[in-house]
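Okay, so here's the structure we're looking at.
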Amino acid sequence: MILFRIALRNLTSHKLKSLMVGSLLAFGTFLLVIGLALLGTLDVSMEKSVSNSITGQLQAYRADAKDKLAIFGDMSGGTDIGTIQDFARVRQVLEGHPDVQAAIPQGIEVAMVYGGNIIDTKLEALRQAEKAGDKDTSAVVRAHVRRIVGLLAQDMAKIGEVTDLATASTETRQSIADLAVAGSDAFWQDFDKDPLAAMEFLENKVAPLALNAEMLFFRYLGTDPARFAQNFSLFEIVDGQAIPPGQRGFLFNKLNYEDMVKHKIARRLDKMKDRLADGYTFAKDDDLQQWVKLNKNQYKEVTYQLDDRAAKLVREALQQHLGSTEVALEKLLPLFLDTNDTNFATRYKLFYDVIVPHLMLYAVKVGDNMTIKGFTAAGYPTSVNVKVYGTFRFKSLDKSALAGSVNLMDLMTYRDLYGYLSADKKAEIETLQKASGVKEIKREDAEAELFGGGGEEVVDATSPTPTDAPAEATPNLAAPAAPKGSMGERAVTATRMYRDELAKRVYTQAEIDAGVVRNIAIVLKKGVDQRKAATSIQELIDREKLGLKVVDWRTASGFIGNFLWVIYSVLATALGIIFIVAIIVMNNSMVMATLERTKEIGTMRAIGAQKTLILQMFIAEAVTMALVFGAVGAAGAGALIGYLHVKGLPAINDVFVFLFAGPRLYPFISWHHLLISGLLVSLVTLISTLYPAWLAMRVTPLQAMQDAE
Amino acid sequence: MASGKPIVALTGVSKDYHLGKVVVPALRNVSLSIEPGEFTVIAGPSGSGKTTLLNLIGCVDVASRGTVLVDSHDTGKLSEKQLTRLRLDKLGFIFQSFNLVGVLDAYQNIEFPLLLQKSLGKAERDKRVRDLLDRVGIAQYAHHRPGELSGGQRQRVAIARALVTQPRIVLADEPTANLDSHTGTAILDLMQELNRAGTTFLFSTHDPRVVSRAGRVVRLIDGEIADHDATVGERSDIS
């Protein structure tokens, strides 16, 4: 076609100009293709991370919810998404849909855990020693407890130095007084006269003072653990075991467990080891230096936990390692923890070999029972006791803090903790409460149980709960309504025993399903079109009048789902700017070219070219330009993406590990990325051609004869 | 040859130009007809209206008053699109500064009007273009771009381009103005030769050499024909 020939000739005869405009176009196309490819890949990888770990492809929650569902949290903080009262019916309807593989009940909350506390642990050890009549151990443990009391007293004294005790709260003054008692010679001399009373004093008055520092906050997902594990392919157990089907239980997310529950110094040493493996050095890396500083300052995390026997062993080992004659562990430990590039490996090993065996490495151990505190929907504090069965991770996301932020809890415990009660169950509970007489339990009975001996009878006597009673019928849940003091020690102790019984209970699937959930993860069958499924499931829900709305994983995941949109907007802005510049530059240069070519265009018109031909000529030029340089840009982008596809784009931090669904992203280009890019670049070129083409069409044949007269 | 209807017939044609509020008459009441086979020159000093007259005949401008018939079409009554088509099919143009398309070579420049017409196949186009390249004597420069050709060679390309559609009349606006006298003479020889072969030519010029070759001279002074039909000088071999 003559037009393209002219266009091509025009482009090649103005090489510099064409190159300038062309490189803008090529760069724009390059960015566009790269951007689209990365976004496309990210979308796929995020879908993998998000939908295969927690959300499922779709989520359903109350249509009239006050806030939007945000599984991974959002910026506003408020996530009142209401409750779905009858999960069993919703499940039945949803799983009747041909696209749905499973509907998994869920609810995400934040809770607190009083992490196992060193005094608790030592008091437990003391009880065991007393029970076994092991005088030696008892003496060592007593000395350790006393030393901890001394350290706590020192800390308290520091508070006394900075605040005026006269104005301090009665609570603070009471604490100081209690510590004085526990630290006195008299207290320990009299210990054997009434060990139970002494230990109760330590447990109730002293232990909480150390506890406060150990409070852990974390997010947990209440769900049906068995069905969760079945349907979320990334889920796998790391330590311990899965929660036995139908039973109550808790699983820590491995990363969360390491970060929050592990001994702080040990955890920091682990992190140092990882970071060194990544090629960083103590000499140059700020993080490593900061961690060393923290370790040195927090040596008490170790000394607190060492009894005299352990302290002696550690002291000797450190003296030998450091070649020091220093006897104070308070001086040896900071020296030892002053790790650097040369000594780290040996000290890391020594720490784990010699010190760790005497430490409580995890505040909560797998297999332990743990008390979780939360707030009910109505705002009252509640607590549940639940067994930690193990830890889990989401495959290939083990380093992602986002994927690691949610722990798992069985639905029954979840409902207890959140105080979800349906109206009829509330009535039932009141009856049960009267019948159970939990609050009437005697202190003596409770402690007899703690020291063994007739424990079973006590539990039986205090919990005449019919086996088919709803899980929610835990007496503790009535606490908000009960008079003050029901959360006192006796009731708590009794409640714990009652819960031990609950922990052994196996619930049927019907029991698990019957009740309240907050949101539902809908896992689709393989190969189902997500959008179509969402529409048709929503229609089903509307027909069945379930009052739910269905959203996709992007929307459901909260800010992380918005992340894609953020990238989209950044890309769009960058491209917008580039293309606007390209339009201006191209328009400008084509206007110049048109003016230069006025005579040529006039001649063409004179010898019989119609206006439309002139327009076509300009379009041909624009299209040629777009095709040639668009192809160059796309080829460049293709080469880069091809390279990245093989090599992988490394995730720069935890967030990206999650977004990339692994430590590296392997981007790919699909044909529609190229198509969109091609169309967009052509559009941009055409827009920049409009004005010059209009100018050109106004050239009259008379202008061919300009120099005639 | 001078038989049947005239190719061009002007009756009482006036053309005014508007420069702001001032009306400048360029042509006044001109009547003129050109018969097939003529080799006619419109002569006159600068500003006498030669080019205006040529533009009206060339359908690139329309008269303010009077009628201009080109190949029996009243140009005042045609749309712009129709005028363009008329130019393409019935007229050939030769410009003072050749006006070739710089990015196309000689062959492509000559072929261009045929491509616009879209009526001939590739083989026919090729035959016609090659034939003309021969006739104007630049066959060996077929694939040179205008920038690589001399003025005379360029004007030969322009002549070939004007003839390629076999127009009823070729309009040449000062065709020798940008050529040295030797080349100008050669170009005039070529056009005269083509005229003998049947092509009708209409020139505008103030070049006495062109005037001396004309079969008929129309003298314009201040937009009016001074010596109407008074043919002077040697004629071309028309009867």
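The values are calculated or read from the model by the stated rules, or taken from the named source; none is laboratory data. A quick note: this is a predicted structure, and the numbers were derived from the prediction, not measured. Glycine also receives a Cβ, built like all others from the backbone with ideal geometry; neighbour counts cover every protein chain displayed.
Side notes on the structure shown:
- Among helices (runs of 4 or more DSSP H) entirely within segment A:228-340, having at least 3 residues that are at pLDDT 85 or above and surrounded by fewer than 18 Cβ atoms within 10 Å (Cβ to Cβ) singles out A:264-277, A:286-297, A:308-322, A:329-337.
- Failed item, numbered, when residue A:549 is tested on (1) crowded, with 16+ Cβ neighbours inside 10 Å; (2) in a helix (DSSP H, G or I); (3) among the charged types (D, E, K, R): (2)
- Taken over segment A:213-227, residues that are modelled with pLDDT of 85 or more and closer than 16 Å to residue A:404 by Cα amount to 3.
- Residue among B:115, B:171, B:202, B:179 that alone is without any contact (Cβ under 8 Å) to a residue 40 or more places away in the chain and crowded, with 20+ Cβ neighbours inside 10 Å: B:179
- Which listed residue, of A:126, A:94, is crowded, with 20+ Cβ neighbours inside 10 Å and modelled with pLDDT of 90 or more: A:94
- All positions within segment B:142-159 that are within 12 Å of chain A (Cβ to nearest Cβ) and either crowded, with 19+ Cβ neighbours inside 10 Å or among the β-branched types (Val, Ile, Thr) (or both): B:146, B:158
- The numbered conditions (1) touching a helix residue (DSSP H, G or I) at 6+ places or on another chain (Cβ under 6 Å); (2) closer than 24 Å to residue A:109 by Cα are all true for residue A:206 except (2).
- The single condition among (1) in contact with a strand residue (DSSP E or B) (Cβ under 7 Å, 6 or more places away or on another chain); (2) closer than 16 Å to residue B:200 by Cα; (3) more than 11 Å from chain A (Cβ to nearest Cβ); (4) not aliphatic (A, V, I, L, M) that residue B:90 does not meet is (3).
- Evaluation of residue A:612 against the conditions (1) within 14 Å of another protein chain (Cβ to nearest Cβ); (2) buried (at least 16 other Cβ atoms within 10 Å of the Cβ) shows that the sole unmet condition is (2).
- Of all residues in segment B:39-56, exactly one satisfies the criterion of being facing another protein chain (nearest Cβ under 8 Å) and on the phi > 0 side of the Ramachandran plot, namely B:47.
- Residue among A:668, A:660 that is in contact with a strand residue (DSSP E or B) (Cβ under 9 Å, 6 or more places away or on another chain) and farther than 21 Å from residue A:24 by Cα: A:660
- Unique match (being in contact with a strand residue (DSSP E or B) (Cβ under 6 Å, 6 or more places away or on another chain) and either under 21 Å from residue B:90 (Cβ atoms) or within 14 Å of chain A (Cβ to nearest Cβ) (or both)) among B:217, B:170: B:170
- Applying the criterion of being surrounded by fewer than 24 Cβ atoms within 10 Å (Cβ to Cβ) and polar (S, T, N, Q) to the residues of segment A:589-608, the residue that is nearest to the other protein chains (Cβ to nearest Cβ) is A:598.
- The requirement of being among the charged types (D, E, K, R), buried (at least 24 other Cβ atoms within 10 Å of the Cβ), within 8 Å of chain A (Cβ to nearest Cβ) and closer than 18 Å to residue B:172 by Cβ is fulfilled nowhere in segment B:57-71; no residue meets it.
- Any helices (runs of 4 or more DSSP H) falling wholly within segment A:609-709 and containing at least 3 residues that are modelled with pLDDT of 85 or more and more than 30 Å from residue B:17 (Cα to Cα): A:611-647, A:671-697
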